[in-house]
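What follows is a set of notes on a single structure, which appears directly below.
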Amino acid sequence: MTPPTPSPVTSLEVTDEDSVAPVKSSALKGNESRSPGRLAWSRFKRDRAGVISGYVVLFFFVVSIGAPLIAKLYGKNPYTTYGINTPGLLNEFGFPVKANGGISGDFWFGIEPQLGRDVLTFLLYGMRNSLLIATAATLLTTLLGVVIGITAGYLGGRTDYFVGRVIDILLAFPQTLFFIAFWPVVLAIFVSPEENTPIWLTVTSLITVMTAFGWASIARLLRGEVLALREREFVEAAKVTGASPARIIFKELLPNLWTPILIQSTLLLPAYVTAEAGLAFLGVGLTDPTPDWGVMLQFGAKYYQDDITFMLFPGLSMVIFVVAFNLLGDSVRDALDPKTKR
């Protein structure tokens, strides 16, 4: 008798399973080997709005940092009164002779009324100063909020109660009105009313006041996160093994808090940009002749009925930056959220 030959269907089924299994296994291993950071970066790259917003924000920062070089290549500076020094640029009423704010081949964004300063270089240096203040305030606010929020949430008890009440008080303050009221007090501590306030002191005071009243929101968020995390099994296991509080905070808690910290930071920076510009517009903070977004808006508001050009460039640039950074923050939040499907 001849032995029965295996059916071709059975051998085909075995072959298919053997060939498909390695593919599935390799795909599964590929997904498992990718870190959360790579997965977040992959999701972010698929978000077209986030990528475009990132390029726009990067452009603003590069242009702001390179403002002195751009002004040197352009051949103008923000402090020279070209309208006064050069006859024929301003009319008898102090307005540019040429249309659209005096835009020409020599002055790409035109010149200011009365003084005749170059709008382009003033805008570049204004962006530089505004972003410097907002970035420094964001970093310090985030650092202070992280330290206070994690400390309150981890220690609990009276420390948590005291910090919670301080946060409630700070969040209840109308910050803009308090900035206006508190600003002269801060300056009077260091400079007498008869003396001119140095620029460095103005910038330092702005950053200090913004940081002192801006950390409460991120501290409250992280306090709640830590209260939930400290009851998890991995934290209890670390305590059982004798890990110090510092090791538990840096090794166990902080790695699980980077997502809310980063998201809150991306929300703080555009808020500080608009807050600083608003204070300068109201005459609190940087003042003329120091370049600033708010100073330009304050100056342009005086002449917008005659020529909108002087308010158009600073207003439009600030709106573009704030919208782009908010979209970037939304994209970063979606990319860091593992439940997001894109």
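Worth pointing out:
- The range 149-171, residues that are under 16 Å from ALA212 (Cβ atoms) and either open to solvent by 80 Å² or more (accessible area, probe 1.4 Å) or in contact (Cβ under 8 Å) with a residue 60 or more places away in the chain (or both): GLY149, VAL163, ILE169
- Subset tally (residues that are of a type in the set (A, V, I, L, M) and out of contact with any helix residue (DSSP H, G or I) (no Cβ under 7 Å at 6 or more places or on another chain)) for the range 176-209: 7
- Unique residue being farther than 30 Å from LYS76 by Cβ, assigned to a helix (DSSP H, G or I) and touching a Phe, Trp or Tyr at 6+ places or on another chain (Cβ under 7 Å) when the list is GLY164, GLY145: GLY145
- Helices (runs of 4 or more DSSP H) wholly inside the range 229-309 containing at least 1 residues that are among the acidic types (Asp, Glu): 233-240, 258-281
- Among the numbered conditions (1) within 26 Å of SER265 (Cα to Cα); (2) in contact with a Pro (Cβ under 7 Å, 6 or more places away or on another chain); (3) among the aromatic types (Phe, Trp, Tyr), the only one that PHE321 does not meet is (2).
- Checking the range 85-94 against the condition returns a match, with at least one residue being in a helix (DSSP H, G or I) and farther than 30 Å from THR208 by Cα.
- Condition broken by VAL323, with the remaining ones in (1) open to solvent by 70 Å² or more (accessible area, probe 1.4 Å); (2) out of contact with any Phe, Trp or Tyr (no Cβ under 8 Å at 6 or more places or on another chain); (3) modelled with pLDDT under 85 satisfied: (3)
- Candidate set: the range 191-245, residues that are small (Gly, Ala, Ser), open to solvent by 20 Å² or more (accessible area, probe 1.4 Å) and under 27 Å from the mean Cα position of the chain (by Cα); chosen: the one farthest from PHE178 (Cα to Cα): GLY224
- Complete set of residues in the range 172-184 that are free of Cβ contacts under 8 Å to residues at least 60 places away in the same chain, in a helix (DSSP H, G or I) and under 28 Å from VAL146 (Cβ atoms): ALA172, LEU177, PHE178, PHE182
The values are calculated or read from the model by the stated rules, or taken from the named source; none is laboratory data. Bear in mind the structure is a predicted one, so any value in this text is a computation, not a measurement. All Cβ positions, even for glycine, are placed from backbone atoms using ideal geometry, and neighbour counts span all protein chains on display. For the accessible areas, the whole protein counts, side chains as well, though only heavy atoms, and no ligand, DNA or RNA atoms are used. Shrake-Rupley method; radii C 1.70, N 1.55, O 1.52, S 1.80 Å.
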